[in-house]
Amino acid sequence: MNDITILAIETSCDETAAAVVVNGRKVLSNVISSQIDTHKKFGGVVPEVASRKHIEKIDHVIDEALEKAACTFSDIDAIAVTYGPGLVGALLVGLAQAKALAFALDKPLIGVHHIEGHIAANYIENVEFEPPFLCLVVSGGHTHLVHVKDYDEFTIIGKTRDDAIGEAFDKVARSIGLGYPGGPKIDRLAPEGDEKYIEFPKAKIEGYDFSFSGVKSAVLNYMNQCKMKGEEIIPKHIAASFQYAVVEAVVEKTFLAADALKIDKVAIAGGVAANSKLRTRMQEECDQRKIQLQYPSPILCTDNAAMIGAAAYYEFIHGRYDGMDLNAIPNLKLSNKKSD
C-alpha cells in the first residue's frame with residue numbers, strides 16, 4: 001500500500017494547529033499557535049475570542065505546516081479535522097477551512113473525534129504500540145477511562161460525573177494565586193510542598209467513574225477556614241496536597257479497571273497526561289503489575305493536529321469519509337466506527 005499523507009487541522013479550543021502526518025505514525029510537521037497569553041488575563045478561555053484568533057491564524061498555520069513538511073497540497077491524500085467535542089465557534093473555523101480545502105482539492109474529508117485524537121497521540125512515538133489497551137484520558141474538558149479494543153473500537157468504562165480533572169487544576173490554581181493555565185503551574189509548585197500537609201478528600205464512587213467537584217470545594221473551604229482563623233495559607237502545600245489527592249484518585253480507578261479487565265497495556269492521554277506526578281505514579285503501578293505504560297511527549301499531550309492526523313489514518317484506510325454536511329458537534333460522544 002502506498003504511503004498515505006494527511007493534512008490535519010485542530011481548532012477545538014484555544015490552539016490553532018495543523019500537521020502533516022504519514023501513515024498515522026510519522027509526523028512531518030506539527031505546528032501549534034497557542035492563545036494562552038491572550039486568555040491569561042481573563043483567567044480562562046473566552047470562546048468568542050478563541051474563534052476570532054483561529055480565523056486570524058489558521059491560514060498561516062496550515063501554510064507553515066506544509067512548508068515544514070516540504071509538501072504541497074498535491075502531496076496530500078486527505079484532509080482531517082476535529083469536529084467535536086469542543087467550543088462550537090472554534091470547531092466551526094477549522095471545519096470550514098477543512099471543507100474548503102477538501103472541496104477545492106477534491107480530496108477526502110475526514111472528521112475526527114477530539115478524544116480519539118488524544119488516544120491516537122500514543123501511536124506516534126512508539127510504532128509498536130497498538131490496541132487493545134486501557135487509556136486514561138485527562139484534560140481540561142475530559143476525564144475518561146477508555147477500553148481501546150481496536151483503532152476504531154472504544155468502550156468508555158468510566159468518566160467524571162462533574163468537573164474534568166484539568167478544570168479542577170485550573171480552578172485551584174486560580175484560587176491560590178497561580179493564574180492560568182493552572183495545570184503546569186501546580187505541577188511546578190507542588191514538588192516544593194508537602195503532599196501530606198492537608199488531607200483533601202477523594203470521592204467514593206462505585207465503579208470506575210470520577211468526581212472532582214468535592215476536592216475543589218475542599219480546597220476553597222480550607223482556605224476560607226485559614227482566613228477565619230488567621231492562619232497562614234501556604235500555596236505550595238495546597239498545590240502538593242491537591243495534586244496528590246486527584247492523582248491518587250485517577251490512578252486508583254485506572255488500575256482497579258486494569259486488574260478487573262486483565263489489561264497488560266495502559267496509556268494516558270490529554271493535557272493532564274503531561275503532569276509529572278501522574279506519570280510517576282502510573283509508572284510505579286505499572287511496574288508493580290508488569291504492565292506496559294505508554295504516554296506521549298508533552299507537546300503531543302496538549303491539543304495538537306498531529307494526533308488528529310494519526311486518528312484520521314485509521315478512518316482513511318477503511319474508506320470512512322465525511323461529506324460536506326459534516327457539522328461541528330460541541331458535545332460529541334466517543335463512539336465506535338462510523339458507518340462504512
Between Leu105 and Phe129, the two model label points (7 Å from Cα along the beta-carbon direction) sit apart by a distance in nm of 2.7 nm
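Quick check for me: using +1 on Lys/Arg Cβ and -1 on Asp/Glu Cβ, what's the dipole size of the range 133-295 about its Cα centre, in debye to the nearest 20? The partial results should precede the final answer.
On the way: 22 positive and 23 negative charges, 49 e Å.
For the range 133-295, the charge dipole is close to 240 debye.
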Checking Thr155, Thr302, Thr72 against a Gaussian network model of the chain (alpha-carbon springs below 10 Å), the top fluctuating residue turns out to be Thr72
Whole-Hz Karplus couplings 3J(HN,Hα) for the range 138-150, θ = phi - 60° and coefficients 6.51, -1.76, 1.60, Gly and Pro as x, run 10, 8, x, x, 9, 9, 10, 10, 10, 8, 8, 7, 8
Hey, any idea what the orientation-averaged projected area of the convex hull of the range 230-319's Cα atoms comes to, in nm²? 8.5 nm²
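Given the alpha-carbon gyration tensor of the range 117-198, what are the semi-axes of its equivalent ellipsoid in whole angstrom, ordered largest first, with each equal to the square root of 5 times an eigenvalue? Before the final figure, lay out each step's value.
Working: eigenvalues 180, 45, 27 Å².
Largest first, the range 117-198 gives 30, 15, 12 Å.
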Report Rg/Rh for the range 133-295, rounded to two decimals, where Rg is the Cα radius of gyration and Rh the Kirkwood radius. 0.99
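Wrap a convex hull around the Cα atoms of the range 276-326, take a quarter of its surface area, and give that in square nanometres. Can you show the working numbers first?
Working: hull surface 22.2 nm².
Result: 5.6 nm².
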I need the fraction of alpha carbon pairs in the range 210-275 separated by more than 14 Å, rounded to a whole percent. 69 percent
Length gained, Asn221-Glu284, 0.36 nm per residue minus C-alpha separation, equals 19.5 nm
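Give me the percent relative contact order of the chain, please, defined on Cα pairs under 8 angstrom at least 6 residues apart. Write down the numbers at each step before the final one.
Working: 741 pairs, mean separation 83.2, N = 340.
Dividing the mean separation by the residue count of the chain yields 24 percent.
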Would you mind putting 137-144, 232-239 in packing order, based on average other-beta-carbon counts within 10 Å, highest first? 137-144, 232-239
Can you give the calculated 222 nm mean residue ellipticity of the chain, where each DSSP H run of n ≥ 4 adds -39,500 (n - 2.57) and the sum is split over every residue, rounded to the nearest 500 deg cm²/dmol? -13500 deg cm²/dmol
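If we count other beta carbons within 10 Å of each Cβ, what is the order of Phe255, Phe73, Phe242, fewest first?
Working: Phe255 21, Phe73 13, Phe242 27.
Fewest-to-most ranking of Phe255, Phe73, Phe242: Phe73, Phe255, Phe242.
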Return the FRET efficiency for the residue pair Glu192, Asp162: r is the Cβ-Cβ distance, R0 is 35 Å, and the value is rounded to the nearest 0.05. 0.75
Residues in the range 89-118 near a label at Ile329, defined as backbone nitrogen under 13 Å from the 7 Å Cα→Cβ point? 111-116
Listed here are the pairs Lys99/Lys171; Lys265/Lys333; Lys171/Lys202; Lys185/Lys216; Lys159/Lys262; Lys149/Lys253; which of them are more than 27 Å apart at the Cα? Lys99/Lys171
Which stretch or stretches of the range 179-198 have amide N atoms under 17 Å from the point lying 7 Å from Lys236's Cα along the Cα→Cβ direction? 185-198
Taking the alpha carbon gyration tensor of the range 1-146, what are the square roots of 5 times its eigenvalues, largest first, to the nearest whole Å? 24, 21, 13
Quote the convex hull volume per residue of the chain, based on C-alpha atoms, as a whole number of Å³. 129 Å³
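Rule-based calculations on the coordinates, nothing more; no lab input. Treat the numbers as computed from the prediction; the structure is a model and nothing was measured. As a convention, Cβ positions derive from the backbone with ideal geometry for all residues, glycine included, and neighbour counts pool all protein chains shown.
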